[in-house]
Amino acid sequence: MQQAEKTMVENNWIDVGQVSDIPKLGARVVRTKDGDIAVFRTADDEVFALRDQCPHKGGPLSQGIVHGKRVACPLHDWKIHLDSGLAVAPDEGCAARFPVSVEDGRILLSLTPDEGCPNSNAPKV
Amino acid sequence: MKQRLVLIGNGMAGVRTLEELLKLAPDRYDITVFGAEPYGNYNRILLSPVLAGEKTIEQIMLNDEQWYVDNGITLHEGKQVTAIDRTKRIVRAADGTEEKYDRLILATGSMPFIIPIPGKDLPGVVAFRDIQDVDRMLAAASGKGHAVVIGGGLLGLEAANGLLKQGMRVSVVHLLDTLMEKQLDKPAAGLLKRSLEERGLNFLMGAQTEAILGKDKVEAVRFKDGLEIPADLVVMAVGIRPNAELAKQVGLHCERGVVVNDTMQTFDPRVYAVGECVQHRGDTYGLVAPLFEQAKVCANHLAELGYARYEGSVTSTKLKVTGIDLFSAGDFQGDDSTEEMVLQDPGRGVYKKVVVKDNRIQGAVMYGDTIDGSWYFQLMRDNTDISGFRDNLLFGQAHLGDSGHGDDNRVAAMADSAEICGCNGVCKGDIVKAISDKRLFTLDEVRAHTKASSSCGSCTGLVEALLAHTLGGEYSQTPSKKPLCPCTEHNHDELRTAIRAEGLKSVRAVMDHLNWKTEDGCPKCRPALNYYLLCQWPGEYKDDNQSRFINERVHANIQKDGTYSVIPRMWGGETTPKELMAIAQIAEKWNVPTVHVTGGQRIDLLGIKKEDLPGIWGDLSEAGFVSGHAYGKAIRTVKTCVGKTWCRFGTQDSTQMGIDLEKLTWGSWTPHKFKLAVSGCPRNCAEATIKDFGVVCVDSGYELHVGGNGGVKVRATDFLCHVKTEDEVKEYCAAFLQLYREEAHYLERTAPWVERVGLAYIKDRVVEDAENRAALAERFGLSQQFAQVDPWKARAEGLDAHEYSPLKRVG
Ligand SMILES: Cc1cc2nc3c(=O)[nH]c(=O)nc-3n(C[C@H](O)[C@H](O)[C@H](O)COP(=O)(O)OP(=O)(O)OC[C@H]3O[C@@H](n4cnc5c(N)ncnc54)[C@H](O)[C@@H]3O)c2cc1C
Ligand code: HEM
Ligand code: SF4
Ligand code: SF4
Ligand code: FES
């Protein structure tokens, strides 16, 4: 294993694929043993990652319609901010956010969620 | 080649006919218009306010020259037609201009009646009919002086009022002792006279004009009794005569006017006539409301729709003198067999009289307070029995319910069908709907969209009250079809029109062209646009996956746990042991946790993981199944009963009919889900009368029903029509479906759509108009060529693979 890759793994960062693997205004899933992570791509190729569980009743956010920097949950149409994971008011709740970065068209994802989203690991189902 | 349509007479009735025609059949004719007056089409009614200095000519133009250009109409302005060759079908104008026609419309209006007395041709004697007359009056008025208006009817009083406002001294001469005797009874006429006198008009009643005196121009008017009064201007406003000269000259049958039948055709079937020049069932008309009705009928026949009939009109009158409210309609004089109900309040200057016979209104006259005029008029035309509210009749409609005050409450109390604008026949409901659907805020917008208040203007107060009322808090509860979503200003219909008219072919193009307010729309507008584009450009538009809801994007129904259901099509609800065995095997192979029989006679495999979808579809596809589209705004199922093959009551082979319909329609995307059913007899075991399109077999053929649904708000279908053959069922089904696809709003089911546009409209388009039905069915067929591709097979073979596999698996 190359040194750089090794550091990444230690920090729980992984290369999950190319930006172009995700449709514009779409999302795909990274399957982990701790649950699915939804990776979103906006119209201008920004990439965001959230726990694939809607704060409402656990709907798979990866299956929703992406618009601007939001996704609409496919189950009951809550809107979630992609950049913060927070539900768009008046709804309340949040989906845990995972750090991502894009280098040379490749998506690097950290499997350690950001702090600050209380329910991040305990979604209501 | 297009047919040629020539209109003679560029006035209100003729041009309205063209407008109606362009709405119905914009491309059917090459249109040419001859107008003796050197202008576009203007609102003749508003010459009175122009004369009074309240409006300018520009403000009363209805169709300026640009309008003719925009609509590809050739306008010969200032050219009077003097000859028509009906054999060669050529019209010729005084200056030699010739045009050929396939169809001709005569709309030459009427001529002012000039009393044949000495001096009638002197300069300074004018009629009141067109812009030129107004110009002459205004020129005369600039020298102030004294005007004599002969005729105390509607026209004469409006002229007198205008000239007075222009600073002239004005005397009105009337042969009888009651003003406007055709429209008013004595008390109302008396109130009117008093109020006009207060404004400064002078009246000579019961005076018969004998001669107009003067050398080179008008100097005085002399009466039978010898009285002479000086005059600088004489306005003849004693009446009008239908202008049928040209028609008579070319041998068309005329009596007082050009005689037409109920389709507005003259005795020469290529020649139509509308407007004041017309005589229909013995009557001639001198007000725009009936003429506009004629225009509608005439256009309907020119567009070859062929179903409208003009059956004559009941008219009502309002006087357009600012500050004077006056209304009359019907038989307001009454006789021995009628009763009169009168309300008089001299203090407020209010007078109302309603003439009643056998508890039905025969006529009404009102002065001072006319707000209930349109209500009485409606009760009269509908021949409504008023015994239930007789006591309150004179107090007006607002008094029927809770007591209320002010215009606002009164308009609130009016029924949706109450006519607000008599000229253009616009009802309260139309206006309210336009205000809320089109988001109108000003009087001008309402005029532009509904034409209400755009002719004589006397309903302006009511329209304004309606605006206030509709925009006010109370009304906002009713769902108004505002913009499609906050991303845009436009509503559904506008978007569809723009997509069609501007040739917009992608979601991006629509957003760019129509200035979307958000970067890439929202979950409301994107699926709607995707559907509209798909419907408009079959075969050409490339479906935008990312603008589809998840179910349609992945061709399966998402369940609450994120798994999916798979429902294969089972044509007409019929299956075979072989198919059932295949389903059983596939369900076992993929460990399907639940197998369910649906309400639509299909078998549902539930709990499928997304990754397994292409695999299970591949197996189903191999066994001969295609997608059932149970997940889409699309054709769902055709439910059937066993029909006459087995059932002792069956009248037709309902199962086969259902299978045929499903084969015809499957795969089509629709504004909302669309379900069908066929029952083999009126016992209706397949519940066809709560479907979007339901067929009930009967001995003599098939009854077609539309616009039903189960769901939260159950609605039974409306009966569309009866047909005899299976081919007809299919054609009507395709046509109805296509009309729905083309005209309903996205996410509007057939039930609310039918209620919104009206069953009559749907019948017009689908049942009565065979040509249109065939065209709709053909367009449906065309779009089906591209739609009937099994999405499951394609995906089993690898299409959209990214949808069904994770980006990456870790750990
Ligand atoms: C001052 C005034 C006030 C009115 N107020 C009201 C009112 O308040 N409410 C109401 O309902 N109605 C009112 N009317 C009546 C209303 O204007 C008419 O009923 C209506 O304009 C008639 O329409 P039309 O198309 O039949 O005729 P017009 O509008 O008169 O059009 C006929 C046109 O044909 C042209 N023409 C005639 N012969 C030829 C030919 N041979 N070749 C070429 N062109 C030709 C004429 O020049 C004219 O322009 C009013 C009329 C006037 C004059
Ligand atoms: C009005 C009197 C009715 C009569 C006499 C009647 C009679 C019948 C008969 C004889 C069948 C048997 C067909 C077969 O042998 O398969 C049948 C089937 C059925 N009926 Fe009725 N029915 C009536 C009303 C209804 C109504 C009101 C409904 C539902 C709203 C209904 C729903 C059904 C259904 C679902 C079937 C099975 C049809 C199939 O799948 O083939 N029936 N009915
Ligand atoms: S609808 Fe009529 S034909 Fe069909 S199953 Fe019911 S009774 Fe029989
Ligand atoms: S009736 Fe309600 S619970 Fe049953 S399938 Fe329909 S939406 Fe779901
Ligand atoms: S689970 Fe997402 S909106 Fe209900």
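The values are calculated or read from the model by the stated rules, or taken from the named source; none is laboratory data. This structure is a prediction, so every number in the text was calculated from the model and none was measured. Cβ sites come from the backbone with ideal geometry, for glycine too, and all protein chains shown count toward neighbours. Surface accessibility is based on the protein's heavy atoms, side chains included, excluding ligands, DNA and RNA. Shrake-Rupley method; radii C 1.70, N 1.55, O 1.52, S 1.80 Å.
Values computed for the structure shown
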read-out	value
Percent accessible area from carbon and sulfur atoms, the protein assembly as shown, protein chains only, probe 1.4 Å	49 percent
DSSP-assigned coil residues among chymotrypsin sites (Phe, Trp or Tyr not before Pro) in the range B:274-334, each with at most 16 further Cβ atoms within 10 Å	B:Y307
Centre separation in Å (Cα based) which lies between the range B:258-309 and the range B:517-549	45 Å
Ranked packing of B:496-505, B:442-451, most packed first, by mean Cβ within 10 Å	B:442-451, B:496-505
Percent RCO, i.e. relative contact order, over chain B, from Cα pairs under 8 Å lying at least 6 residues apart	7 percent
Aspartates and glutamates whose Cα lies under 13 Å from that of B:K730, excluding same-chain neighbours fewer than 8 positions away	B:D660, B:E662, B:E703, B:E778
Mean Cβ neighbour count within 10 Å, used as a protection proxy, ranking B:627-637, B:40-50, B:430-440, A:86-96 highest first	B:627-637, B:40-50, B:430-440, A:86-96
Mean separation of Cα contacts under 8 Å, 6 or more apart, over the residue count of the range A:15-110: relative contact order %	26 percent
Residue-averaged beta-carbon neighbours from other chains (10 angstrom radius) around A:42-50	1
Sum of side-chain charges, B:Y101 neighbourhood, beta-carbon under 13 Å (Lys, Arg +1; Asp, Glu -1)	+3
Principal-axis tilt of helix B:770-787 within chain B, Cα atoms, nearest 10 degrees	40 degrees
Shielded residues, the range B:528-567 - accessible-area loss of 30 Å² or more between chain alone and all protein chains, probe 1.4 Å	B:Q546, B:I550, B:R553, B:I558, B:K560
Rounded Å value of the spacing that divides the Cα centres of the range B:68-131 and the range B:660-695	56 Å
Burial of 30 Å² or greater, the range A:15-32 residues [accessible area, probe 1.4 Å, versus chain by itself]	A:V16, A:P23, A:L25, A:R28, A:V29, A:R31
Shielding by other protein chains, A:75-85, mean Cβ within 10 Å	1
Set of lysines near B:K2 by C-alpha distance (under 21 Å), chain-local residues within fewer than 8 positions excluded	B:K23, B:K88, B:K100
Gap separating the Cα centres of the range B:782-802 and the range B:133-196, nearest whole Å	76 Å
Gyration tensor (alpha-carbon) shape descriptor, chain B, a/c threshold 1.5	prolate
Antiparallel DSSP beta bridges within the range B:105-251, percent to nearest 5	40 percent
Computed E for B:Q559/B:A760 - FRET, C-beta separation, R0 35 angstrom, nearest 0.05	0.25
Cα shape, the range B:688-769, gyration tensor, a/c 1.5 rule	oblate
Whole-Å semi-axes of the range B:125-238's equivalent ellipsoid (Cα gyration tensor)	21, 17, 12
Set of lysines near B:K120 by C-alpha distance (under 23 Å), chain-local residues within fewer than 8 positions excluded	B:K144, B:K215, B:K217, B:K224
Rg/Rh (Cα only; Kirkwood hydrodynamic radius) as it applies to the protein assembly as shown	1.08
Extension gain, B:S142 back to B:D800 (0.36 nm per residue minus Cα-Cα distance, nm)	228.8 nm
Three-way shape label, the range B:325-400, alpha-carbon gyration tensor, a/c 1.5	prolate
When each of B:K318/B:K353; B:K248/B:K296; B:K675/B:K713; B:K182/B:K451; B:K505/B:K542 is checked by Cα-Cα distance, pairs over 18 Å	B:K248/B:K296; B:K182/B:K451
Å² of accessible area per residue within the protein assembly as shown, as computed with a 1.4 Å probe and no ligands counted	44 Å²
The range B:492-548: relative contact order as a whole-number percent, Cα under 8 Å and 6+ apart	37 percent
DSSP-defined antiparallel bridges as percent of all bridges, the range B:168-250, nearest 5	65 percent
Chain B: angle of helix B:428-437 to the longest principal axis, Cα-based, in degrees nearest 10	50 degrees
Accessible area that becomes buried as A packs against B, both chains, 1.4 Å probe, Å², nearest 100	2200 Å²
